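Colleague: This is the structure I have questions about; it appears just below.
Just so you know, all these numbers are worked out from the coordinates, no wet-lab data involved. Not measured: the values here are computed from a predicted model. As a convention, Cβ positions derive from the backbone with ideal geometry for all residues, glycine included, and neighbour counts pool all protein chains shown.
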Number of protein chains: 4
Amino acid sequence: MEVGFLGLGIMGKAMAANLLRHGFRVTVWNRTLSKCDELVAMGAAVGDTPASVVAKCKYTIAMLSDPSAALSVVFDKDGVLEQIGEGKGYVDMSTVDAATSCKISEAVKQKGGAFVEAPVSGSKKPAEDGQLVILAAGDKALYDDMVPAFDVLGKKSFFLGEMGNGAKMKLVVNMIMGSMMNAFSEGLCLADKSGLSPQTLLDVLDLGAIANPMFKMKGPSMLQGSYNPAFPLKHQQKDMRLALSLGDENAVSMPVAAASNEAFKKARSLGLGDLDFSAVHEVLKGTGGQAKA
Amino acid sequence: MEVGFLGLGIMGKAMAANLLRHGFRVTVWNRTLSKCDELVAMGAAVGDTPASVVAKCKYTIAMLSDPSAALSVVFDKDGVLEQIGEGKGYVDMSTVDAATSCKISEAVKQKGGAFVEAPVSGSKKPAEDGQLVILAAGDKALYDDMVPAFDVLGKKSFFLGEMGNGAKMKLVVNMIMGSMMNAFSEGLCLADKSGLSPQTLLDVLDLGAIANPMFKMKGPSMLQGSYNPAFPLKHQQKDMRLALSLGDENAVSMPVAAASNEAFKKARSLGLGDLDFSAVHEVLKGTGGQAKA
Amino acid sequence: MEVGFLGLGIMGKAMAANLLRHGFRVTVWNRTLSKCDELVAMGAAVGDTPASVVAKCKYTIAMLSDPSAALSVVFDKDGVLEQIGEGKGYVDMSTVDAATSCKISEAVKQKGGAFVEAPVSGSKKPAEDGQLVILAAGDKALYDDMVPAFDVLGKKSFFLGEMGNGAKMKLVVNMIMGSMMNAFSEGLCLADKSGLSPQTLLDVLDLGAIANPMFKMKGPSMLQGSYNPAFPLKHQQKDMRLALSLGDENAVSMPVAAASNEAFKKARSLGLGDLDFSAVHEVLKGTGGQAKA
Amino acid sequence: MEVGFLGLGIMGKAMAANLLRHGFRVTVWNRTLSKCDELVAMGAAVGDTPASVVAKCKYTIAMLSDPSAALSVVFDKDGVLEQIGEGKGYVDMSTVDAATSCKISEAVKQKGGAFVEAPVSGSKKPAEDGQLVILAAGDKALYDDMVPAFDVLGKKSFFLGEMGNGAKMKLVVNMIMGSMMNAFSEGLCLADKSGLSPQTLLDVLDLGAIANPMFKMKGPSMLQGSYNPAFPLKHQQKDMRLALSLGDENAVSMPVAAASNEAFKKARSLGLGDLDFSAVHEVLKGTGGQAKA
């Protein structure tokens, strides 16, 4: 199977390499072309522009850093739109808002092409290991065609129905994660102030019914007041805000998410927005932000 | 090693059986003596009264149903106190409040005996499999003596320091669990009302960084509105209240736990207190209590 | 002093009548021209279109029902924009969002005119009695010119600085009001369920440091479960959401407002959105919406 | 009418003086007898002990500083109990918890006497002006006998039924007050951070439907970060905790009070417990406690 691949950042490079390793023929493009070298050494072809990649390949995957990059690759000169059309499919796996996805979707469909949004859950390590979780939505036929690629990139892919549902599913998951982080932090503080060892609490939690990878991974660094940003707090808070807005549209009352959101806002007001989202622990500890990255 | 064992309810019987299987000599007692038969068939001796068990054994473990049973076995006629003394140890593994533990502890120590509180995390299945988590506190020397028994009964035991710390640790864990349950339920409701499949949300969660046994176990039945009480909601709410009180004593602000507690209270007011604590889902769904056990 | 007046709904008619009674020469316009009759009988002139009113008067006040009406009167054919210009002032006293105000402001200023937004606090009765509170912002010189009119229409006017501050001030006030309503309702429920008379609570509150007109006015009808919509709950919830968004922009953590907002959302989900905002009482009572308007 | 009066602190002295000014014959007692001088100058008689006051007077009022003083005056040697009995009434107007009131009530009734708890709302100034609000409960016949005295001491007295209802009513009122204080503080912070003048917000609030004496009195000092303790924050937080406990007993879900309580707890953790309860403003401002008394 032949695919185009646009965007070779940390995530994109790992994903394209996986496809090559599994026998896909891949034509890559990146704004800084030198980033393609490593993949060329693995057997990739290179396209000069997004348009030329799409011209060559029936299916093109994009993994860009943010909404403006995602839009630029499609709508700018030499962009995807110039060559997309009947019989071609475009799959954007970047994490973007629903409005961006919909704008791209409509433009691609107007040209006769097919579009799937497919944001992923998981960061660098799962990308390298082909262990992403893929939340796809949009054109079902294109999704079905992409399954062999998704099987290589992720441990599981989901088709969630209409456009926007991929982004919504990510919001719901991140909202639960944000509330859990607050619950966890409150527990660590309560243990500490009540004369219990927070380290022992971590050990006890890890043996019980609520043991989960996040507690295990973040707990020890939180106890050290160290918040190297795997997922920046300001992005977590933005996702909670968007999830609460989604709840507002649908009249869903979510008091725990609302309380968690206010704690994340407090963290932002203390200047912790660029640290990891686990830095909300500083708000609950009440130290007023002696945190380090 | 020889131990006495008082209380052969669901938990106690499984635990005593484990000890027998691992070569311990066990003398059992139960208020209803017929419950001892099964263990006698496995090789247990039987004591007529708690006092006679303590008279015979250097170490005696109790696993009673509630604080009043725990007190009765110690303080009533023919109770533990009559025979406890220098060189003997008493270990109460029942889940009781700190006041009860302290009352027993003081009485035992006054007689010259040693005392350890050792509430467990885990229910019937982990008890049978020797996979409990044991949260011990009190007399360190007695704890050390008991390690061989704890190794059989649990996958892990913790010594948490001064009396009361075992109960406190359980409160902290249950508080986190209660907030997580609310976060989970809010996410399921948001998914449902936003046009996403809650079942798919369960699948997505199970593959990610916040996957945990509780979500996996409770999620499917929550979606069916079925709340067979593994841990009754009224007990969960009581534990959240006690955890918040502990926070109050130590001036720990815990807004997410407080919001969760109010949701559990709402569930109680809707008559859901005897269902499983996951029935708080009915509050968030807003159905006003069409729940079933 | 001569002023134009656009919009003769409940509020507008009362305000224009006040101006006439105090000796202002007023030229009125309304989409349904028959609504002008009553004011003509009091001495008002009538304009055929918004444009003709602006052509005739140095200052024109508008009091329209909503943002779309506010925009239509300015931007449509025969609208304000056709005649506004150097030396003329336009004052919009409608309650609109900041975006609407800014759009009108820019268009008017581009034509060389001056603009003031001046939303009011107070409804029908204060409008009739000239007891409104006027929250003005925008062009200071125009505000100064309008003071004689504002003195007639309101008991007090404030100049709040740059455009948008009038709308923001209303949001802050309404946010406090919404949280107070929740606090009040919780107290009434607690009294009731604790065996105290909620009616006596109203009497006690009315004699103390937190006595306020809202408790006095809304309390008795809330106890009867009667919620005739003076200020619809869905609008109160919208204002709380906007206030929380304003807080989000400025990283202000507001947990009480957030909790109140979730209660109002719950009320919406129970179908109470068109009742008075005091109908949030039904959520706290937990009756599941047996409310009446 | 003749009454005894025990306790001449700030409140008690003002109240006893009022009774004298209105023609009551008053026999006073105070632990430090010299505090009686001023009242003797106004015409009061003096009793050597609580017992001798009760022996002389058919009705005795107490106004003590705290529960331990209230208990001491009754149960200690030469205390009220020694002389109370058939045909005599004892009225405790101190602010004490329900348990204290009940203990006194039972002891007095066992001796054949009648008892009324009558905590007041209002501090020094209203006490001097006879403008207290009296929340009485217990023996209705004694309450009726006391109405002439209550009419002098307060602007209004309520008979609330069974013992304990006086204390409960105070809790409900204070809970609403605490939530209002949080709502107010959040609004002041939001105004400030959004570029509005908090001082202007005070002016706007004072003209609207939620204007109340507390906002008017506390607002200006809060803006200065000055919190001279009229009602200490730790007492306000204690009352919120007790009100939430009362809600817990009766399954009343009160999310706004719960969120407010957590903010007061945060304030305590920042060392603000001895300042006025309006010092919760420091938590919301996020300054970490640069507050002054």
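Colleague: Thinking of chain D as a set of Cα atoms, what percent of all their pairs are more than 31 Å apart?
Modeller: 36
Colleague: Give the relative contact order (percent, whole number) for chain B; include only Cα pairs under 8 Å separated by 6+ residues.
Modeller: 12
Colleague: Now for a separate question. What average number of partner chain Cβ atoms lie no more than 10 Å from the Cβ of the residues making up A:115-124?
Modeller: That average works out to 1.
Colleague: Give the nm distances, rounded to one decimal, from C:ALA230 to the matching residue in every other copy, measuring between label points 7 Å along Cα toward the beta carbon; shortest first.
Modeller: 2.5, 5.1, 5.3
Colleague: Which distances, in nm and shortest first, link the C:GLY23 label point to the same label point in every other copy, taking 7 Å along Cα→Cβ?
Modeller: 5.4, 9.7, 11.1
Colleague: Let me ask something additional. Give the percent of DSSP beta bridges with both residues in chain A that are antiparallel, rounded to the nearest 5.
Modeller: For chain A, the DSSP antiparallel bridge percentage is about 15.
Colleague: Would you kindly work out the equivalent ellipsoid of the protein assembly as shown from its C-alpha gyration tensor and give its semi-axes, the square roots of five times the eigenvalues, largest first in whole Å?
Modeller: For the protein assembly as shown, the ellipsoid semi-axes come out as 55, 52, 22 Å.
Colleague: Whose Cβ in chain C comes nearest the axis that rotates C onto A, and by how many Å?
Modeller: Here the value is C:ALA258, 2.
Colleague: What does DSSP give for the protein assembly as shown in terms of the percent of beta bridges that are antiparallel, rounded to the nearest 5?
Modeller: Antiparallel bridges make up about 15 percent of those DSSP assigns within the protein assembly as shown.
Colleague: Compute the separation of the alpha-carbon centres of region B:104-160 and region C:1-16 and state it in Å as a whole number.
Modeller: Here the answer is 80 Å between Cα centres.
Colleague: Using Stokes-Einstein with the Kirkwood hydrodynamic radius over Cα pairs, what translational diffusion coefficient do you get for region D:167-285 at 37 °C and a viscosity of 0.692 mPa s, in µm²/s rounded to a whole number?
Modeller: Value of D from the Cα-based Kirkwood radius: 226 µm²/s.
Colleague: Counting only other chains, what is the mean number of Cβ atoms within 10 angstrom of the Cβ of each residue in peptide C:160-173?
Modeller: That average works out to 4.
Colleague: Take peptide A:192-199, look around each residue's Cβ out to 10 angstrom, count Cβ atoms belonging to other protein chains, and average those counts.
Modeller: Average per residue, whole number: 6.
Colleague: Output the Cα-based Rg and Dmax of region C:2-163 in Å, rounding Rg to one decimal and Dmax to a whole number.
Modeller: Reported Rg and Dmax, both Å: 13.8, 38.
Colleague: Okay, next question. Which trypsin sites (Lys or Arg not before Pro) in region D:46-114 pass both tests, a DSSP loop state and at most 12 other beta-carbon atoms within 10 Å?
Modeller: Those satisfying the criteria are D:LYS77.
Colleague: Could you give me the ³J(HN,Hα) list for region B:202-216, computed from phi with Karplus coefficients 6.51, -1.76, 1.60 and θ = phi - 60°, whole Hz, x at Gly and Pro?
Modeller: Values per residue, Gly and Pro as x: 4, 5, 5, 4, 5, 9, x, 6, 10, 4, 7, x, 4, 4, 5 Hz.
Colleague: How many nm separate the modelled label positions at C:VAL147 and A:ASP66, each set 7 Å beyond the Cα in the direction of the Cβ?
Modeller: Label at C:VAL147, label at A:ASP66, 4.7 nm between them.
Colleague: Can you tell me the relative contact order of region C:167-285? Whole percent, Cα pairs under 8 Å, sequence separation 6 or more.
Modeller: 37
Colleague: I want the local charge near C:ALA149. Using Cβ-Cβ distances under 13 Å, sum +1 for each Lys or Arg and -1 for each Asp or Glu among the other residues.
Modeller: Net charge around C:ALA149: -1.
Colleague: In nm, what does the list of distances from B:GLU2 to its counterparts in the other copies look like, shortest first, when each label sits 7 Å along Cα to Cβ?
Modeller: 7.9, 8.4, 11.5
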